[in-house]
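Note sheet for the following structure.
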Amino acid sequence: MSEHSTYVPGNAVEKWLDDRLPVVRFAKEHLMDFPTPKNLNYWWTFGAILVMCLGVQIVTGIILAMHYTPNVAMAFDSVEHIRRDVNGGRIIQATHAVGASMFFIALYIHMFRGLFYGSYKAPREILWILGVVIFLLTTATAFMGYILPWGQMSFWGATVISNIFTAIPLVGENIKQLVLGGFAVGNPTLNRFFSLHYLLPFIIAAVVALHIWALHVPGNNNPVGVDVKDSRDTVPFHPYYTMKDLYGMVLFMIPFAWFVFFAPDILGHADNYIMANAQVTPAHIVPEWYLLPFYTILRAIDFNILFIDSKLGGVIAMGGAMACLLVVPWLDTSKVRSGTFRPMFKWFYGLFVLNFIGLAYLGAQEAAEPYTTLAKVCTAYYFLYFLVILPVLSRIETPKPLPTSISESVLGKAHA
């Protein structure tokens, strides 16, 4: 989809730079002039919103790290010091904490958009896989960040999740001790998680660069899922989509700012504002809301299967839930990308979205009836959707007729 460069250096300095490091030429060719389908809707702005969110998290995280103390005796107080005594610390800490939730809201919307419009299908499999890798790295980073305030939920959340490793036969206990730096969650754990929490966002940024590179090879998917035929189907990325994305970012920042300024603690758990105490177990240990769907899947398997005990079964189920996302390009073999033209798929997809929200809700409830049974049902549908419904629909569904081009879908046949 690349075209001949139209960049002409405007002065002697630009000419000198262009001969030695053509960054401006690269930006013009691959960012500003990049031919983009003319029918992208606002669901496509969440990619740019996510880049903004990552930038916000990195900048605020670096500032917070300057004042944070990764020691079990001082970590909780250092966070309170940031909130109470550091100039602008309350806003910076609130922006970072709320930013994690806003990041995951945008991330889930971005992924569900890709699942509906078939953005994982050929030739964009690598693009999708890199996106799932970003999701997994972000999940790990967020979990480690949740440990750093060293509140009750931080400590006990780390204790519960680290025990997952003990389910692995033979080497599980050794892996757990390697991760924690000891037999239980303690000072080495906090130091390791702080170090990794600081490092991983830069790795995420590198994978995001690969993700964008992988996007620019085949070009954007679009709401009708029809390949670009000619230049009539596209517009330059700048100014059309830069302005559209900027508008989307401003709208996204409105609820973001509301949470930061008026309700910065509402998305966190109340127990995490109590200093960690290994002698007092919270009544109900739960992770942050954005990890709840997969936490529900982990808890849902509470029975033995063959030689697999319930804990290992839960770990396998949670890993399998992630793995389904990685292999979905090969599970859905329908030739039609966009769900808009797949009448049966729409219903199952809508049910999948509701099911995922249900998993999140059930993860926050206690492990008692009727929640445990509902969790099993929702977990079963999650796997049925990927492993049975998508492959079967690909074979039996009759899609609606596709437009011959993007221009036809935008302007109608009379103008095509």
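The values are calculated or read from the model by the stated rules, or taken from the named source; none is laboratory data. Nothing here was measured: the structure is a model prediction, and the numbers come from that model. In this analysis, Cβ positions are derived from the backbone assuming ideal geometry, glycine residues included, and neighbour counts consider all displayed protein chains. Keep in mind that these areas ignore ligands, DNA and RNA; they rest on the heavy atoms of the full protein, side chains included. Shrake-Rupley method; radii C 1.70, N 1.55, O 1.52, S 1.80 Å.
Of the residues making up the stretch 40-61, not a single one is of a type in the set (Ser, Thr, Tyr), at pLDDT below 95 and open to solvent by less than 30 Å² (accessible area, probe 1.4 Å). Of everything in the stretch 147-169 that is part of a helix (DSSP H, G or I) and open to solvent by 30 Å² or more (accessible area, probe 1.4 Å), the residue that is farthest from Pro293 (Cα to Cα) is Thr166.
Which residues, counting only those in the stretch 341-355, are open to solvent by 40 Å² or more (accessible area, probe 1.4 Å), under 20 Å from Leu402 (Cα atoms) and either without any contact (Cβ under 8 Å) to a residue 40 or more places away in the chain or of a type in the set (Lys, Arg) (or both)? The answer is Lys346, Trp347. Filtering the stretch 189-245 to residues that are over 30 Å from Ser405 (Cβ atoms) and among the polar types (S, T, N, Q) leaves Thr189, Asn191, Ser195.
Taking the options Ile82, Ile91, Ile49, name whichever one is β-branched (Val, Ile, Thr), touching a residue at least 40 places away in the same chain (Cβ under 8 Å) and farther than 26 Å from Phe135 by Cβ.
Ile91
Restricting Ala270, Ala263 to those that are open to solvent by less than 50 Å² (accessible area, probe 1.4 Å) and within 30 Å of Glu80 (Cβ to Cβ) reduces the list to Ala263.
Being within 24 Å of Thr138 (Cα to Cα) and buried (at least 20 other Cβ atoms within 10 Å of the Cβ) is a description that does not apply to Met322.
Within the stretch 215-238, if we keep just the residues that are in a loop (DSSP other than H, G, I, E, B) and either hydrophobic (A, V, I, L, M, F, W, C) or under 17 Å from Thr141 (Cβ atoms) (or both), the residue that is most open to solvent (accessible area, probe 1.4 Å) turns out to be Val217. Scanning the stretch 227-282 for residues that are farther than 23 Å from Ile109 by Cβ and either β-branched (Val, Ile, Thr) or touching a His at 6+ places or on another chain (Cβ under 6 Å) (or both) returns Val228, Thr234, Val235, Ile274, Val280, Thr281. Per the listing Val235, Val224, the residue uniquely touching a strand residue (DSSP E or B) at 6+ places or on another chain (Cβ under 8 Å), hydrophobic (A, V, I, L, M, F, W, C) and in contact (Cβ under 8 Å) with a residue 12 or more places away in the chain is Val235.
Conditions tested, residue by residue: (1) in a helix (DSSP H, G or I); (2) buried (at least 16 other Cβ atoms within 10 Å of the Cβ); (3) not polar (S, T, N, Q).
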| position | (1), (2), (3) |
| --- | --- |
| Phe183 | no, no, yes |
| Ser195 | yes, no, no |
| Tyr198 | yes, yes, yes |
| Phe202 | yes, no, yes |
| Trp213 | yes, no, yes |
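Taking the stretch 84-99 as the search range and keeping residues that are more than 10 Å from Thr60 (Cα to Cα) and touching a Pro at 6+ places or on another chain (Cβ under 9 Å), which one is surrounded by the most Cβ atoms within 10 Å (Cβ to Cβ)? Restricting to residues being more than 10 Å from Thr60 (Cα to Cα) and touching a Pro at 6+ places or on another chain (Cβ under 9 Å), the top hit is Val98. Gln365 satisfies every condition listed in (1) within 22 Å of Glu125 (Cα to Cα); (2) without any contact (Cβ under 8 Å) to a residue 12 or more places away in the chain; (3) in contact with a Phe, Trp or Tyr (Cβ under 7 Å, 6 or more places away or on another chain) except (1).
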